[in-house]
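A.B. asks: Shown below is the structure under consideration.
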Amino acid sequence: MRDPEPSGRLPLLLRDSRGQSEVLGVVLILGLTIAGTAAAVAFGAPALSSIQQTTETSSAEHAMTQLDSKASLVGFDNAPSQQVDLGIRGTGGTTRVNASSGYITITKTNTTSGVTTTFLETDLGAVVYENGDTTIAYQGGGVWKRTGPGSTMVSSPEFHYRGTTLTLPLIIVSGTDTLDNRVQIRHGTSQPVFPVDGVASKTNPLAGDRVNVTITSRYYQAWGRFFEERSGGMATYDHPNQTVTATLVAPETQESVTQGMMSTSPSKKLHIDGKHGAVFIDTYNSSIGDYASTSGSGGTIATAGGVNVQHGTLNGSLVSGGGEVNLKKSSYVTDDLAYGGTFSTHDAPSSHVGGAITNDGSAPTIDPIDGYIDQQQTEIRDNPNVNADTDIDDQGDSDPTNDELDDSQTSWTLDAGTYYLETIDLQSGETLTLNNTDGPIEIYVEDDVILDDATLDVVSESGSRVRIYVAHKRIEIKGGSTVSVPEERSSKLWLYGGRDTHIKLEDAGTRVVGVIYAPSGDTHSGKVEFREEAELYGGIVGGEARIESGAEIHYDETLKSQAPLPVGADVTRLTYLHITTSTVNVTDG
């Protein structure tokens, strides 16, 4: 009989199995390592590629901004040439000159004779960086970015609109097709476009003329938003042809919104009652920042007629264009008071003014805009452009006058386009979102606009304007409703009403960002009621007004340079026009 294995030693079969297990373990570890590495390569490569593309795109934005600065020195400051290192590293993108990228046409039409004169028709040209679906371009003196179907502005062209003067110096780009990292910018030719000495049709000042600036470009949407923001006018878009037209008009009369509140009825009194708390008005400037970062003093309430102030304090200034100004029952105006008629404290020693009292008050004449609202009704009714993806119930027919918000929903979104609605009536918890990112929104409302504990949101502070035309007689925002625009950019939302429109903002928690524009007159029934701690960021123009305790008006000073009415109704005050072109040649350095 064989002796058993000595004690302490495994049987031979088990010793062999253990050796095989060690080998298999090594093989498994190697297999897992190889598989993990393969997975990291397979799944990580796209992420790394995306990060690399983002980095290169950011570098290209910076490079084009540098190019913009150097091209301005050559084009506007008469530097003979400049060099710039674009510094765009990597293999994902290409940079080139496209001399035929973009086209600009500038015309002037006399609104009386109908005669149109063309000042300029030319290619803009561009220095273009392309990486995947992202394009960054220096064009027309600005830098633009296009990703997919949309476009944004990276840095603005040299476009200046000050008071009644528009200055538009354009840079035209020419040069070689493909560029390396280092480029040379050389001056070509410069010439005046308007005015031109000795040419009668190209002289300042303008009177009764409409100027159209039309740009065809891959970046037309960003160009349009830029024109709207800078000029206060409205751009019209031809999306299939990638074209935008900005219309600038030399009107006979067009008053901007220069006070937080303006009552336009000369023979009717503005009533300010602060019995249960002060009425507060101040200012901010949304072109610089939001209210929290730019708020200041100096707000004004103005009226074409007389004023009664009683029971409490007006924190701000007061201007009356005519009639009686009465301060009574312990009333107090903290800042200045200017009156155009008579002034009295009614022998109430506790009623006084903290600032200067002057007998030089005046108020602008602002005519009702019913004719313009009717014009917009016809335009929108006959040319509806309703986005197919929005929440509109068309009642099963093609007649836009039957359209309304789908009443099976409690929230709705309207994208860029024109809409004809029976009413906007939002109740508790309901939300209407107006997506102005890709273009303007115009809404004609046949009946009233009412928000009661509801929300209306404008999506973008940098997008196009939203305009709501109210045909009936009521704009009511109450019950803690919110009307919002990011950064309190009030000029992005305008609500228009006729001469008999009754505007009511009331209740604690009600907060409105925007402009309500419904001028009235002596023979009309337009009214403004501002009650019970409601807040407005922007401005309001209406008829006979009553402001009660706790009301707060935060006037947006940006509105001083914004024309109230869009294209077709004396869009932008324009008296002096200065246009020049300068050509720069961009080649490898």
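The values are calculated or read from the model by the stated rules, or taken from the named source; none is laboratory data. Values in this document were obtained by computation on a predicted structure and should not be read as measured data. Positions of Cβ are generated from backbone atoms using ideal geometry, with glycine treated the same way; all protein chains shown enter the neighbour counts. All accessible areas refer to the heavy atoms of the entire protein, side chains included, with ligands and DNA or RNA removed. Shrake-Rupley method; radii C 1.70, N 1.55, O 1.52, S 1.80 Å.
A.B. asks: Between Thr423 and Ser190, what is 0.36 nm times their sequence separation minus the Cα-Cα distance? Round to one decimal in nm.
C.D. replies: 78.5 nm
A.B. asks: Place the peptides 61-67, 549-555 in order of packing, highest mean first, counting for every residue the other Cβ atoms within 10 Å and averaging per peptide.
C.D. replies: 549-555, 61-67
A.B. asks: Using every Cα-Cα pair within region 96-231, state what percent have a distance larger than 23 Å. Walk me through the numbers on the way to the answer.
C.D. replies: Working: 3695 of 9180 pairs.
Percent of Cα pairs beyond 23 Å in region 96-231: 40.
A.B. asks: Here is a follow-up. Please report, in whole Å, how far the alpha carbons of region 404-560 spread along each principal axis, starting with the longest.
C.D. replies: Principal extents (largest minus smallest coordinate, Cα): 38, 30, 30 Å.
A.B. asks: Another question, if that's okay. Using 31 Å as the Cα-Cα cut-off, could you pick out the over-long pairs in Lys145/Lys202; Lys70/Lys560; Lys269/Lys478; Lys275/Lys473? Intermediate results must be reported in sequence, preceding the final value.
C.D. replies: Values: Lys145/Lys202 34 Å; Lys70/Lys560 33 Å; Lys269/Lys478 24 Å; Lys275/Lys473 29 Å.
Too far apart for the 31 Å limit: Lys145/Lys202; Lys70/Lys560.
A.B. asks: Of the peptides 101-110, 367-376, how do they stack up when ordered by the mean number of other Cβ atoms within 10 Å, highest first?
C.D. replies: Answer by packing, highest mean first, reads 101-110, 367-376.
A.B. asks: So for region 107-185, Kirkwood radius off the Cα pairs, Stokes-Einstein at 20 °C and 1.002 mPa s: how many µm² s⁻¹?
C.D. replies: 139 µm²/s
A.B. asks: Hey, rough spin-label estimate for Thr431 and Thr112, points 7 angstrom out along Cα→Cβ, what's it come to in nanometres?
C.D. replies: Reported label-point gap for Thr431 and Thr112 is 5.3 nm.
A.B. asks: Multiply the residue separation of Ser484 and Ala356 by 0.36 nm, subtract the distance between their alpha-carbon atoms, and state the gained length in nm to one decimal.
C.D. replies: 42.5 nm
A.B. asks: Keeping the other protein chains in place, figure out the carbon and sulfur percent of the accessible area of region 283-390, with a 1.4 Å probe.
C.D. replies: Solvent-exposed carbon and sulfur of region 283-390 make up 42 percent of the total.
A.B. asks: Sort all Cα-Cα distances of region 481-589 into consecutive 10 angstrom bins from zero, then give the percent of pairs in each bin up to the one containing the longest distance.
C.D. replies: 13, 35, 27, 10, 7, 5, 2, 0
A.B. asks: Calculate, in whole percent, how much of the Cα-Cα pair population of region 178-317 lies beyond 23 Å.
C.D. replies: Cα-Cα pairs of region 178-317 separated by over 23 Å account for 66 percent.
A.B. asks: Stick to Cα atoms and the Kirkwood definition of Rh, then tell me Rg/Rh for region 81-141.
C.D. replies: Rg/Rh for region 81-141 comes to 1.23.
A.B. asks: Run down the aspartates and glutamates and flag those whose C-alpha is under 12 Å from the C-alpha of Lys329, throwing out any fewer than 8 positions away in its chain.
C.D. replies: Straight-line reach from Lys329, under 12 Å: Asp273, Asp347.
A.B. asks: Cα centroid distance between region 404-433 and region 493-534, in Å?
C.D. replies: Taking the Cα centre of region 493-534 as reference, the centre of region 404-433 is 21 Å away.
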